[in-house]
1. For Ser165, what accessible surface area do you get with a 1.4 Å probe? Give it in Å², rounded to 10.
2. Using θ = phi - 60° and the Karplus curve 6.51 cos²θ - 1.76 cosθ + 1.60, what whole-Hz ³J(HN,Hα) does each residue of the stretch 59-66 get, with Gly and Pro shown as x?
3. Using θ = phi - 60° and the Karplus form 6.51 cos²θ - 1.76 cosθ + 1.60, what ³J(HN,Hα) does each residue of the stretch 70-76 get, whole Hz, x for Gly and Pro?
4. Kindly write out, for the stretch 211-225 in residue order, the coupling ³J(HN,Hα) from the Karplus curve 6.51 cos²θ - 1.76 cosθ + 1.60 (θ = phi - 60°), rounded to whole Hz, with x marking Gly and Pro.
5. Check Gln217: other-chain or 5+ apart residues with amide H under 5 Å from its amide H, H built from backbone geometry?
6. Over the residues of the stretch 64-167, compute the C-alpha Rg and express it relative to 2.2 N^0.38 Å.
7. What number results when the radius of gyration of the chain, computed over Cα atoms, is divided by 2.2 N^0.38 Å?
8. Where both residues lie in the chain, what percent of DSSP beta bridges are antiparallel, nearest 5?
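The values are calculated or read from the model by the stated rules, or taken from the named source; none is laboratory data. The structure displayed is predicted, hence computed values, not measured ones. For accessibility, only protein heavy atoms count, side chains too; no ligands or nucleic acids. Shrake-Rupley method; radii C 1.70, N 1.55, O 1.52, S 1.80 Å.
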Amino acid sequence: MRCVWCKQPIIKNLTIMEMIYPFSLQKQTLCKTCQKKFERLEGGCLLCGKKGQPTICSDCQFWQKKYPDYSFKHEALYRYNDGFQEWIEQYKYQGDYQLRYTFSNELKRYFKDKRNLLVIPIPLSNEKQKKRGFNQVEAILDATNIKYQRFLLKKNDTIPQAKKSRYERLKMAQPFILHVDGKLIENQEIILVDDIYTTGRTLFYAAECLLPYHPKQIMTFSLAR
């Protein structure tokens, strides 16, 4: 077994179950060295996990004023540190598709008690999808066998969020549309999924497409914050 990222061999003591059923072995995982590159998201803002915020950060206070009827709560696995930036560069921008398995174990644990939720990944524009060859969010969900619905469409191609200033992120125009019957949203518990949460603008625009159809709840999730 090799590390899904650095490809170095992983020495592992097998459990009795894994010896009896070798197909149960987790074939894609990280070695201890690569695991140390990621920082678990703990503490911070009560609503989004922003580091160094004991209560509710200024970003979330801004969103509360803009969306007073939306009781939002964002969750993420990791902080966006140098290690995650290195990983996302190789996976998302260099197209290392094998890295979609990196967080499968963590995602399985996270979604274990969310099986009845409607999972909606953030879409790419047709232009970006063709250029990259895959939707990075859908790929990690596929790798973890998490069912999702393509209820949102991105209307046009935009400058990547990583290349925008904070001001440009907050001021970007609504990029999404709902392309299914709104009745499919009514009274549903929904979780919107993205790869990275920075200001929250992308996920709030996605939620904005759903809110008029009265979902029971909208949660948001990303790999990193």
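1. Spelled out: Ser165, probe radius 1.4 Å, area about 50 Å².
2. 4, 5, 5, 4, 5, 4, 6, 6
3. Coupling constants for the stretch 70-76: 10, 8, 8, 7, 9, 10, 8 Hz.
4. 4, x, 9, 6, x, 5, 7, 10, 10, 10, 8, 9, 5, 10, 10
5. Gln188, Glu189, Ile190
6. Numbers: Rg = 15.2 Å, N = 104, 2.2 N^0.38 = 12.8 Å.
Cα Rg divided by the expected 2.2 N^0.38 Å: 1.18.
7. Working: Rg = 18.3 Å, N = 225, 2.2 N^0.38 = 17.2 Å.
Here the answer is 1.06, to two decimals.
8. Numbers: 5 of 21 bridges.
Counting only bridges with both partners in the chain, antiparallel ones make up about 25 percent.
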